[in-house]
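The values are calculated or read from the model by the stated rules, or taken from the named source; none is laboratory data. Model, not experiment: these values are computed from the prediction. As a convention, Cβ positions derive from the backbone with ideal geometry for all residues, glycine included, and neighbour counts pool all protein chains shown. Accessible surface is based on the protein model in full, side chains and every heavy atom, while ligands, DNA and RNA are left aside. Shrake-Rupley method; radii C 1.70, N 1.55, O 1.52, S 1.80 Å.
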Amino acid sequence: MPQVGSAQEVVLTISGGLADAETGGVVVNVIPREGANTFSGQFNYSGSNDSLQGSNYTDRLKAKGLRSPAELISVYDVNPMFGGRIVADKLWFYSGFRQTGAKNTVPGMFWNKNAGDPTKWIVDFDRSQPAFTTRVERQATLRVTWQATPRNKFNMLWAEQYLDSNYGKGGGAETAGQLTTPEATPRSYYIPSRQPHVTWSSPISGRLLAEAGWGM
């Protein structure tokens, strides 16, 4: 989940067989923003819910066996960013945070009334309660730029990531071609997940630039 607003440049390469590419196919290079002597920020938000969604669940689909349609419950994306100077002309920072979340019903799947009851071994669907999936993703980044000398610049980036899906009452998905009930759907929970990077660049001349970096 890249923070596009925190990027000053995004380069999309679709050519294959390049010497500087590890594999063929689409390569995306995202260059993060650097801070500056002036403080600046940005805030982006978008979202929607079922009130803004139409439906194509027709009698023909019902006759084909689709017991319930796929419906949006809610979706949102919030992304604040801020950066500026620590030491003028020497040390800057830029930070960003992004969180996205979504809830969607699962076509043809409902809550199981017998879930969690050890005395009952059969499924009893509650047709008034469609199953739904849940998903939340977060990423927080901090980038520090240090102009050590006129010809030596260092960039340090730290990104913390978080993913949680099918949490709470969320569940019901397709696994190996088969629908699973909410209580049988596994939860995906990834934390901590982080990406540290350090790069150094130095213009040796007007024609030659030296760069080195480390990442994990």
Quiz item: Per 10 Å bin, what percent of the C-alpha pairs of the stretch 74-216 does each bin hold, from zero upward?
Solution: 10, 25, 21, 16, 13, 10, 4, 1
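Rounding to the nearest 20 debye, state how big the charge dipole of the stretch 71-159 is about its Cα centre with +1 on each Lys and Arg Cβ and -1 on each Asp and Glu Cβ.
560
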Practice problem: Starting from the Cα gyration tensor of the stretch 56-97, take the square roots of the eigenvalues, sort them a ≥ b ≥ c, and report rounded, prolate or oblate (rounded when a/c is under 1.5, otherwise prolate if a/b is larger than b/c, else oblate). | Solution: prolate
Exercise. Quick one: what are the phi-derived ³J(HN,Hα) couplings along the stretch 194-200, Karplus 6.51/-1.76/1.60 with θ = phi - 60°, whole Hz, x for glycine and proline?
Key: 9, 9, x, 9, 9, 10, 10
Quiz item: So, in Å, what gap is there between the alpha-carbon centers of the stretch 45-70 and the stretch 93-147?
Solution: 19
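For the chain, which whole percent of the accessible surface, found with a 1.4 angstrom probe, sits on carbon and sulfur atoms?
Ligands and nucleic acids excluded, carbon and sulfur reach 56 percent.
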Quiz item: Just from its helices, what would the mean residue ellipticity at 222 nm be for the chain, if runs of 4 or more DSSP H residues each count -39500 (n - 2.57) and the sum is divided by every residue, rounded to the nearest 500 deg cm²/dmol?
Solution: -500 deg cm²/dmol
Self-check item: Test item: Cα-centred dipole of the stretch 1-145, Lys/Arg +1 and Asp/Glu -1 on Cβ, debye
Solution: 380
Quiz item: Per 10 Å bin, what percent of the C-alpha pairs of the stretch 104-152 does each bin hold, from zero upward?
Solution: 19, 24, 16, 10, 9, 9, 10, 2
Quiz item: Within a Cβ distance under 13 Å of PRO196, other residues only, what is the Lys/Arg minus Asp/Glu net charge?
Solution: +1
Self-check item: Per residue accessible area in Å² of the stretch 14-151, where ligands, DNA and RNA are left out and the probe is 1.4 Å
Solution: 65
Exercise. Grab the other residues whose beta carbon is less than 15 angstrom from that of THR141, score K and R as +1, D and E as -1, and report the net.
Key: +2
Quiz item: Under a plain spin-label model, where a point goes 7 Å from the Cα along Cα-to-Cβ, how far apart in nm are LEU66 and ASP124?
Solution: 3.0
Exercise. For the stretch 120-131, take each phi angle, set θ = phi - 60°, evaluate the Karplus expression 6.51 cos²θ - 1.76 cosθ + 1.60, and give the result in whole Hz per residue in order, putting x for glycine and proline.
Key: 10, 10, 10, 7, 10, 6, 9, 5, 8, 10, x, 6
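Placing +1 at every Lys and Arg Cβ and -1 at every Asp and Glu Cβ, with all other atoms neutral, what dipole size does the stretch 40-114 have around its Cα centre, in debye to the nearest 20?
280
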Quiz item: When the Karplus curve 6.51 cos²θ - 1.76 cosθ + 1.60 is applied with θ = phi - 60°, which whole-Hz ³J(HN,Hα) does each residue of the stretch 204-214 get, with x for Gly and Pro?
Solution: 6, 8, x, 10, 10, 10, 9, 9, 8, x, 9
Quiz item: Within a Cβ distance under 13 Å of GLY35, other residues only, what is the Lys/Arg minus Asp/Glu net charge?
Solution: +3
Quiz item: Once amide H atoms are placed 1.01 Å from N in the peptide plane, what residues at a sequence separation of 5 or more from ARG135, or on another chain, have their amide H within under 5 Å of its amide H?
Solution: ALA102, ASN166
Exercise. Considering the options THR133, ILE122, TYR162, tell which one lies farthest towards the positive end of the dipole of the stretch 95-177, charges being +1 on Lys and Arg and -1 on Asp and Glu at the Cβ, about the Cα centre.
Key: TYR162
